[in-house]
Amino acid sequence: MSTFRRCITGLLLMLLCATAAAHKPSDSYLSLRREPERLVGRWDIALRDLDGVLDLDRNRDDRIDWGEVRTRRDEIDRYANARLRVSNGAPCPLQVTDHAIDRHSDGAYLVLTLTAPCGADGALSVEYSALFDVDAQHRGLLKLETAGGAVLSAVLSREQPHQTFEPGGASRWQAFAGYVRDGIVHIAIGYDHILFLIALLLPAVLGRDGRTWRPVPRLSVAAATVFKIVTAFTLAHSVTLSLAALGVIQLPSRLVESVIALSVLLTAIDNVMPFLPARRWTIAFAFGLVHGFGFASVLADLELPRSALALSLVGFNVGVELGQLAIVALLIPLAYLLRRTALYQPVVLRGGSVAIGLLAAGWLAERSLDLKLMPF
Amino acid sequence: MSRSFVSAVAIVACALTFMPRAHAEPYRPARDSEVLETLPRMSERGASPAVRALRELHARDPSNLDVAVRLAQTQISAARAAADPRLSGQAQATLAVWWTQESPPIPVLLLRAAIRQNRHEFDAAKADLERVIAQQPAQAQAWLDLASLQQATGDLAGAAHSCSQVYESTNNAIGTVCRAGVDALTGRSVEAYAALEQTVAQQRLTTQPAGVQTWALTLLAEIAERLGRNDDAERWYRQSLAVDPSDSYVLAAYADFLLDRARANDVVALIAADTAIDGLLLRRVQAERALGAPTAQAGIETLAARFDALRERGDRVHRREESRFRLALAQQPAAALELALENWAVQKEPLDARIALEAALAANRPEAAADVVRWIRASKLQDVRLAPLLQRVAAP
């Protein structure tokens, strides 16, 4: 029950804290998407910045309420129209179709929904001049999603208020390659995933004989085991990664990270004192489901365009698999060669598993209790 | 085993039902009276009637030097007091007519240097101050600003020279404080402390603006802390806060002092939960975490989002704070070290050295801080907080 209470307290606090504007340099967030017949998007401008130019706080109570925004809609739209121009060769007038409110890390922003009749062809140029005259350090952070699904970004400043995006821009292939790279990087720096794989694969060059391990006779036997384990892990984390990335399931990251640490710990214990099912691919599958949620939180941080979700999902997953295969390619030949030596079982398998288990226990304590115990 | 699986499933199920969505959608408020945003007080956001009047004058004639300088001065001191970068950007906009000129009038050069230093454009700020000094060799303000810039960037010999110029061209009290600050970083802490104590005791500061008083008192506190005289340090910090209870620099330094003494409760009492200043929020969240408060997690998420937003706009001003965040709260020592070293390349104050040493140790890469160690040894900086770190970094 304490978990519920903590969730709810956290939510309440977030709502309470969100009402005071924090001190951050002034930024607006402009997201545009090119569709076949038009350009659509949203423009988030801090209420505090709008107050600076349009004097929203009419009753001088140092607070901005919805009435003070809603009744000024025409002026706000005129300001927006004068300060942002887009064209794709021919001028292409912007229209503000809706107003809403959203919260960023530093306070409340007015969200302007935009649409403009520019087609998806030709270069798109953006000319931005909001707020520069009152705050020379203001920035417009622009993200443009091309018709091909690539996301291009630009920082618009007083010194550089124009940006032209050539048609095509970054190709789908480049975007895909980028996601593959992100996947590889995540595996390479994700110690917990690497250790989980190592703990799972260390016994792959041994066969289970009751409660003891015995070296496999041929490489093909080890290879078949490894293949089953890696395939099961891949299938499982692909399923949960996709579900999470599509927004079907969302889990709090602390829980996911804690269970990932638990999975490493249990696998390591199982190497020393077998208690899990002997068919390791079942373990790989069960825990792989949890690791998938871990991958998904990384993917979420990359802020994917909706239209390119499939592309990025596949790319990121391919990257993760490549990273995994690299680990297998390094680990298995070495383990196979060493499997009969006197050192393999006591030192590599048991010693290594104890070390991995200790590390995982530390992570588990840290992540579940929200402490900082270990250097990484 | 089965029990842990069952409880894991139970936790998952609970979380699925009760967790809010990670990203809330934009919404349309239901009532006109719904308060969306609480602004900083008028005086703190450059909107007091006096400033409004200046702004109107400025709008009518943006090239009127007197009006622009007065308005920009107000905005810069408000930016400093509230640690609010928006006001610094407003000051820059006020000076737009002169901003890109090679040699604008002296008052503009001084203000432009202050804004540039605030944005860590140290070379450009220094060039502006040197231009002022070339025209008016006895310009005390320029020498004082130059001394502070040189001290921040680790040019301690230059800072000592600039302080002596302050001493010669203005009243002795400011020159003494200036010099003591540099002496304390170059192996003469005890002498600096004595000189400062004498200046404060002789009441030579009461005729000075509050800023000079808090500067001297805070410096005393910091030197006492580096010398390990903790009771004295605390007394000076409190005296400094009595002069200006909202000075964010002093609040941050005192909070660090308290965190080092494991007095997290006092930090929580010192810094309000809704502080608008990232550097202060960072310290409060560290304290909340030390106390095991459930609010710490929300604070960590807020800070992470703020640092992300700064990176997105291309700002590199907060590397010191972000490094500390990554180290102390986000458990990313490798990233913390990278930031700390990038920061060390431009800023070299004791706090910068400390975060670099701590991050290098946490990341198990003590050799990465070799340059920091060399620098501290060469400058003869005395600091009881750094000594054990130096030992651990230097030991193989």
task = Would you mind calculating the relative contact order of segment B:154-298 from Cα pairs under 8 angstrom and at least 6 residues apart, reporting the percent as a whole number?
result = 12
Selection of trypsin sites (Lys or Arg not before Pro), segment B:31-91, meeting DSSP coil and at most 14 other Cβ within 10 Å = B:Arg31, B:Arg41
message = Below 15 angstrom from the Cβ of B:Leu109, what's the summed charge of the other residues (Lys, Arg +1; Asp, Glu -1)?
response = -2
task = Using θ = phi - 60° and the Karplus relation 6.51 cos²θ - 1.76 cosθ + 1.60, list the HN-Hα couplings for segment B:295-307 in order, rounded to whole Hz, with x at every Gly or Pro.
result = 6, 4, 4, 4, x, 4, 5, 4, 4, 4, 5, 5, 5
ask   = Given a Förster radius of 51 Å and the C-beta distance between B:Gln101 and B:Thr206 as r, what FRET efficiency does 1/(1 + (r/R0)^6) yield to the nearest 0.05?
value = 0.80
Where labels lie 7 Å past Cα in the beta-carbon direction, separation of B:Leu57 and B:Glu130 in nm = 3.5
inquiry  = Tell me the relative contact order for chain B as a rounded percent, counting alpha carbon contacts under 8 Å between residues six or more apart.
reply    = 9
note = Magnitude of the Cβ-charge dipole (Lys and Arg +1, Asp and Glu -1) of chain B about the Cα centre, nearest 20 debye, reported as 440
task = Take peptide A:127-138, look around each residue's Cβ out to 10 angstrom, count Cβ atoms belonging to other protein chains, and average those counts.
result = 5
ask   = Over 27 Å between Cα atoms, which of B:Lys126/B:Lys380; A:Lys143/B:Lys348; A:Lys24/B:Lys380 qualify?
value = A:Lys143/B:Lys348; A:Lys24/B:Lys380
ask   = Is the protein assembly as shown best put as rounded, prolate or oblate by its Cα gyration tensor, with a ≥ b ≥ c the root eigenvalues, rounded for a/c under 1.5, and otherwise prolate when a/b is larger than b/c, oblate when not?
value = oblate
inquiry  = Given an 8 Å cut-off on Cα distances and at least 6 residues of separation, report the relative contact order of segment B:316-396 as a percent.
reply    = 25
ask   = Given charges of +1 on the Cβ of Lys and Arg and -1 on the Cβ of Asp and Glu, with all other atoms neutral, how large is the dipole of segment A:173-369 about its Cα centre, in debye to the nearest 20?
value = 800
inquiry  = Could you check the spin-label model distance between B:Tyr27 and B:Ala272? Points 7 Å from the Cα along Cα→Cβ, value in nm.
reply    = 2.5
Average beta carbon contacts from partner chains per residue of A:152-162, 10 Å cutoff = 1
message = With the crude spin-label approximation of a point 7 Å out along Cα→Cβ, what separation in nm comes out for B:Ser77 versus B:Ala242?
response = 2.4
ask   = Hey, what do the phi angles of segment B:216-229 turn into as Karplus ³J(HN,Hα) couplings, whole Hz, using 6.51/-1.76/1.60 and θ = phi - 60°, x for Gly and Pro?
value = 5, 5, 5, 4, 4, 4, 5, 5, 4, 5, 5, 7, x, 8
remark   = Computed over chain A: longest principal axis from alpha-carbon atoms vs helix A:309-338 long axis, angle to nearest 10 degrees, is 20
message = I'd like the per residue volume of the convex hull spanned by the Cα atoms of chain B, given in cubic angstrom.
response = 183
inquiry  = Just checking the output field for A:73-82: average partner chain Cβ neighbours within 10 Å of each residue's Cβ?
reply    = 0
query = So for segment A:118-243, taking the charge dipole from beta-carbon charges (+1 Lys/Arg, -1 Asp/Glu), which of A:Pro167, A:Ala150, A:Ala224 sits furthest toward the positive end?
reply = A:Ala224
inquiry  = Just to check I understand the Karplus step: with θ = phi - 60° and J = 6.51 cos²θ - 1.76 cosθ + 1.60, what whole-Hz values come out for segment A:270-286, glycine and proline as x?
reply    = 4, 5, 8, 10, x, 9, 8, x, 5, 7, 5, 5, 5, 5, 4, 5, 4
key: Stretch in chain A that is longest and holds no GluC sites (Glu not before Pro) that DSSP places in a loop and that have at most 12 other beta carbons within 10 Å   = A:160-302
message = Restricting to DSSP loop positions (anything but H, G, I, E, B) with no more than 12 other Cβ atoms inside 10 Å of their own Cβ, which trypsin sites (Lys or Arg not before Pro) remain in segment B:349-396?
response = B:Lys380
request  = Please identify every one of the trypsin sites (Lys or Arg not before Pro) in segment A:331-365 that sits in a loop by DSSP and has no more than 15 other beta carbons within 10 Å of its own beta carbon.
outcome  = A:Arg340
request  = With springs only between Cα atoms under 10 Å apart, run a GNM on chain A and tell me which of A:Val226, A:Val347, A:Val111 wobbles the most.
outcome  = A:Val347
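Every number in this text was worked out from the coordinates using simple rules, so none of it is lab data. Small disclaimer: the values here were computed from a predicted structure and weren't measured. Cβ sites come from the backbone with ideal geometry, for glycine too, and all protein chains shown count toward neighbours.
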